[in-house]
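Read the structure below first, then the notes.
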Amino acid sequence: MIYALLGMGCIYMVRKIGYRWFMRPRNIMLAYGASLVLVLLVYAVGVEANGAKRWLHLGFITFQPSELAKVAVIMLTAFFLSHTIRAGLTVSLLSKTSSIVLGFVFFLAVLVGGQPDKGTGAIIAGLSFGVFMAAGLNKKQLTMIVISCVVGVILIGLSYTYSNNRLNV
């Protein structure tokens, strides 16, 4: 119930403030920085449940910082790709700007994946790739992403005891 109220509050806030406020570089870096600090804070003082440390207890609510990280990643990727498109450049995973953005995204995804929350880490990376696809990523690079993801999921699933235990249940 409280999550539904928080969600409705967030929707109301975005409608009142407007999406342009969220696309200001300062606010994007604030969202990314806050999510990074909160994800790191989970390692120090996070609440553990079922063998995973993913939550922060904030007195009246337990909060999962990876949820903020998802929003921050979408904001960050969309901001940089919007500038690429406005400049008339082709959207590519191999450009210098894309490499920087993907570095920020993967750093956050790896930190979340280490909690262990590999599924949410993969979702964080996937959200960034989803924004790339929406921006017009070509089919060759899209195919490269799909193949890399399939191989990555297989390797991660086979290499970690925690993942194997969850798959074998």
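The values are calculated or read from the model by the stated rules, or taken from the named source; none is laboratory data. Since the model is a prediction, treat every value here as computed from it, not as a measurement. Every residue, glycine as well, gets a Cβ built from its backbone with ideal geometry; the counts of neighbours run over all protein chains shown. For the accessible areas, the whole protein counts, side chains as well, though only heavy atoms, and no ligand, DNA or RNA atoms are used. Shrake-Rupley method; radii C 1.70, N 1.55, O 1.52, S 1.80 Å.
Residues are listed down the side, and each one gets a yes or a no for (1) closer than 18 Å to Ile28 by Cβ; (2) among the hydrophobic types (A, V, I, L, M, F, W, C); (3) buried (at least 19 other Cβ atoms within 10 Å of the Cβ):
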position	(1), (2), (3)
Phe60	no, yes, no
Pro65	yes, no, yes
Leu81	yes, yes, yes
Val105	yes, yes, yes
*If a residue has to be open to solvent by 10 Å² or more (accessible area, probe 1.4 Å) and either of a type in the set (A, V, I, L, M, F, W, C) or within 8 Å of the chain's Cα centre (by Cα) (or both) to count, how many in the stretch 110-127 make the cut?*
8
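Quick check, is Lys139 over 19 Å from Met29 (Cβ atoms) and of a type in the set (Lys, Arg)?
yes
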*Run down Phe80, Phe60 and say which single residue is within 18 Å of the chain's Cα centre (by Cα) and of a type in the set (Phe, Trp, Tyr).*
Phe80
*Identify, from the list Thr77, Thr97, Thr62, Thr84, the residue that is within 27 Å of Lys140 (Cβ to Cβ), modelled with pLDDT under 90 and among the β-branched types (Val, Ile, Thr).*
Thr97
*Among residues belonging to the stretch 128-149 that are hydroxyl-bearing (Ser, Thr, Tyr) and exposed (fewer than 15 other Cβ atoms within 10 Å of the Cβ), point out the one that is modelled with the highest pLDDT.*
Thr143
